[in-house]
1. Looking at the structure I just gave you, is E80 assigned to a helix (DSSP H, G or I), more than 30 Å from L34 (Cα to Cα) and modelled with pLDDT under 80?
2. Which condition number in (1) within 21 Å of the chain's Cα centre (by Cα); (2) among the basic types (K, R); (3) modelled with pLDDT under 75 is the one that K5 fails?
3. Is at least one residue of the stretch 22-33 over 29 Å from E92 (Cα atoms), hydroxyl-bearing (S, T, Y) and out of contact with any Ser or Thr (no Cβ under 8 Å at 6 or more places or on another chain)?
Amino acid sequence: MGFKKGQSGNREGRKRGIPNKVTGMLREALADFLEDRVKELPAIFKKLKPDQKIDALVKIASFVLPKMSSLNIEPGMTIERFLELPEEDREEYLSNLRRHQEIENN
């Protein structure tokens, strides 16, 4: 039976950022699986060819290291010049500053 589209008991739906039950269960199962096998990784890594080792390291690094992106931060930006920028450019500049601070703090 179930609910008709748009007529569930929760009109707002699931809160943003909260995974559904299946996703949570899969993440937990995968974490358990990987935790049990982490000790096997050095032996597996030794068996790989050099190009496979590089490929594996690059793939693993994407989960461990923050993604780097180019930052457009002008030294000596004055408040007057900042206020002359179009709003869109001001938002981008502030976003770049925040990312720069996050990178330096890590």
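1. So E80 does not fit the description; no.
2. Unmet condition: (1).
3. Among the residues of the stretch 22-33, at least one is over 29 Å from E92 (Cα atoms), hydroxyl-bearing (S, T, Y) and out of contact with any Ser or Thr (no Cβ under 8 Å at 6 or more places or on another chain), which makes the answer yes.
The values are calculated or read from the model by the stated rules, or taken from the named source; none is laboratory data. Note that the coordinates shown come from a computational prediction; the quantities given were computed from them, not determined experimentally. Every residue, glycine among them, receives a Cβ derived from its backbone with ideal geometry; neighbour counts consider all protein chains shown.
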